[in-house]
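K.L.:
Just dropping this structure here.
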Amino acid sequence: MKLLEKVRVLDLTNVLSGPFATMHLALLGAEVIKVENPQGGDLARKLGNVSSLNKELMGTSFLAQNANKKSLTLNLKVEEAKEIFRKLVKTADVLVENFRPGVMERLGFSYQKLTEINPKLIYCAISGFGQTGPDAFKPAYDQIIQGLSGVMAINGDERLNPLRCGFPVCDTVGGLNAAFAVMAALYHREVSGQGQFIDVSLLDSIMPLMGWVAANLLIGGQQPVLLGNDNFTAAPSGTFVTKDGYINIAANQQKQWEDLADVLGLPELKTDPRFQERDARKANRKPLTPLLEAKLKENTTVYWVDLLNDKGIPSGDIVSLETALTSEQARHRHVIEEVKEEGIGSIKVFNMTAKFSKTPAKIDAPPPRLSAHTEDILKGLGYGQKDIEALKEKGAI
């Protein structure tokens, strides 16, 4: 069986955080019905670097995180569509939306209203700042949250700061947080029989990821130090120059540091008072790094990676995104799978990265064309073909 078999999810989300959350539920076997506006659907359908796909409403941004889902179009400003939605809610286990606070209430679908229809419904609302508080109604995009959370302030170095993360980390983490919360709520409902409301904030979600940096400030009273590619917990731990590029070295333990000094032919550094102890090395990064790089520049990154790892000193190359996605390890783990979409062909999308021994997740269907499942879903709710044609004429679907 699939882990979330027979769980029905109504997905009213757009663009990234919400669709990323529901993608994980879909990969685990839930029936995820993507409820979209008939006029264009999810904005992500028009986003991506392939113009022809954007015009087909199948942009790469949409393809990235909507496998295994169904698409139903409903114009929730039309009463007939509202009635369809109410019927769907009665059959659903979970509803996920990422509108601004208050939008669902204005449509007549507040949590309170929906629980009158289905008391066991789990309702997850994802927003930039949460449903309450002084900033609740402010607009929020990933970069805005990166700036307001402190993420941009702690990235980079004295030459380049503030610095955003190279992908929408706040949206993505918010989606993961929402998926985790929904799973927890499903377990609680299994035990208690009760649904509940889940309020997920992108700002709240990203802050705990900075836990160690924040703890140094909140508990230790130390402001973040801009270290660029260096690891603030240890030294030497970071990025170093080699003969043909760069290498990541994480000599985080005392033995790893001492072994590194020996491998590089610098045993005298082990007893140098500037580098002998962990905290001393952290305080003296600037004089230590050029001493190490003088030796590392004598050979290639591949040479050093193999040698250092063989000696138990964690190290690695710094590869391109393409190299990472096509690596032997990624292929072995099936991080990416191919799925065929009629009209586009074979596309590569991310698989579920948690591996379940008894209920493995898999990609069964490509991301859906807009409204691809509308008729089937409506027929499942008892609508006949004439009813469906009438709904189309009224602009409800």
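The values are calculated or read from the model by the stated rules, or taken from the named source; none is laboratory data. Keep in mind the model is a prediction, meaning the values are calculated, not measured. In this analysis, Cβ positions are derived from the backbone assuming ideal geometry, glycine residues included, and neighbour counts consider all displayed protein chains.
K.L.:
Looking at V94, V78, V151, which one is over 26 Å from N37 (Cα atoms) and either assigned by TED's automatic domain parsing to the domain that holds E375 or in contact (Cβ under 8 Å) with a residue 24 or more places away in the chain (or both)?
P.N.:
Unique residue meeting the criteria: V151.
K.L.:
Then there's this: Taking the options K297, K286, name whichever one is farther than 15 Å from A251 by Cβ, touching a strand residue (DSSP E or B) at 6+ places or on another chain (Cβ under 7 Å), assigned by TED's automatic domain parsing to the domain that holds A251 and not hydroxyl-bearing (S, T, Y).
P.N.:
Answer to the check: K297.
K.L.:
Suppose we filter K77, K87, K70 for residues that are under 26 Å from R45 (Cβ atoms) and modelled with pLDDT under 95; which single one remains?
P.N.:
K77
K.L.:
In this structure, does S237 turn out to be of a type in the set (S, T, Y) and in contact with a helix residue (DSSP H, G or I) (Cβ under 6 Å, 6 or more places away or on another chain)?
P.N.:
So S237 fails the test.
K.L.:
Do any helices (runs of 4 or more DSSP H) lying entirely in the stretch 1-91 carry at least 3 residues that are more than 30 Å from E389 (Cα to Cα), and which ones are they?
P.N.:
Where helices (runs of 4 or more DSSP H) fall fully within the stretch 1-91 and carry at least 3 residues being more than 30 Å from E389 (Cα to Cα), they are 17-27.
K.L.:
Can I ask one more? What are the residues in the stretch 41-74 that are of a type in the set (S, T, N, Q) and surrounded by 17 or more Cβ atoms within 10 Å (Cβ to Cβ), if any?
P.N.:
N54, S61, Q65, N66, N68, S71, T73
K.L.:
Are any residues in the stretch 147-192 over 20 Å from F99 (Cβ atoms) and either of a type in the set (G, A, S) or in contact with a Ser or Thr (Cβ under 8 Å, 6 or more places away or on another chain) (or both), and if so, which ones?
P.N.:
Within the stretch 147-192, G147, S149, G150, A153, G156, G166, A184, S192 meet the criteria.
K.L.:
Is it the case that some residue within the stretch 340-353 is basic (K, R), assigned by TED's automatic domain parsing to the domain that holds Q254 and at pLDDT 95 or above?
P.N.:
no
K.L.:
Let me ask something else about it. Mind checking which residues of the stretch 93-120 are part of a loop (DSSP other than H, G, I, E, B), surrounded by fewer than 23 Cβ atoms within 10 Å (Cβ to Cβ) and under 28 Å from the mean Cα position of the chain (by Cα)?
P.N.:
Correct list: D93, F99, R100, P101, G102, F109, S110, K120.
K.L.:
Right, another one. Among the residues of the stretch 1-57, write down those that are under 23 Å from G380 (Cβ atoms) and β-branched (V, I, T).
P.N.:
V7, V9, T13, T22, V32, I33, V35
K.L.:
Among the residues of the stretch 265-274, is any more than 30 Å from F180 (Cβ to Cβ) and in contact (Cβ under 8 Å) with a residue 24 or more places away in the chain?
P.N.:
The answer is yes, given that some residue of the stretch 265-274 is more than 30 Å from F180 (Cβ to Cβ) and in contact (Cβ under 8 Å) with a residue 24 or more places away in the chain.
K.L.:
Do you know which residues across the stretch 280-334 are more than 30 Å from K348 (Cα to Cα), in contact (Cβ under 8 Å) with a residue 12 or more places away in the chain and of a type in the set (G, A, S)?
P.N.:
Selection gives G312 alone.
K.L.:
Still on this structure, please answer the following. Among the residues of the stretch 196-237, write down those that are polar (S, T, N, Q) and either more than 12 Å from C170 (Cα to Cα) or in contact with a His (Cβ under 7 Å, 6 or more places away or on another chain) (or both).
P.N.:
Listed by number, the residues that qualify are Q196, N216, Q222, Q223, N229, N231, T233, S237.
K.L.:
Is there a residue being in a strand (DSSP E or B) and either at pLDDT 95 or above or within 30 Å of V78 (Cα to Cα) (or both) anywhere in the stretch 313-321?
P.N.:
yes
K.L.:
Please verify whether the stretch 174-191 includes one or more residues that are in a loop (DSSP other than H, G, I, E, B), within 26 Å of the chain's Cα centre (by Cα) and at pLDDT 95 or above.
P.N.:
no
K.L.:
In addition: So how many residues does the stretch 199-248 have that are of a type in the set (S, T, Y), outside any helix (DSSP H, G or I) and under 26 Å from the mean Cα position of the chain (by Cα)?
P.N.:
3
K.L.:
Okay, moving on. Determine whether A250 is outside the structural domain of A153 (by TED's automatic domain parsing), in contact with a Pro (Cβ under 6 Å, 6 or more places away or on another chain) and under 24 Å from R159 (Cβ atoms).
P.N.:
Answer is yes for this residue.
K.L.:
Which is buried (at least 20 other Cβ atoms within 10 Å of the Cβ) and of a type in the set (A, V, I, L, M, F, W, C), of L186, L202, L163?
P.N.:
L202
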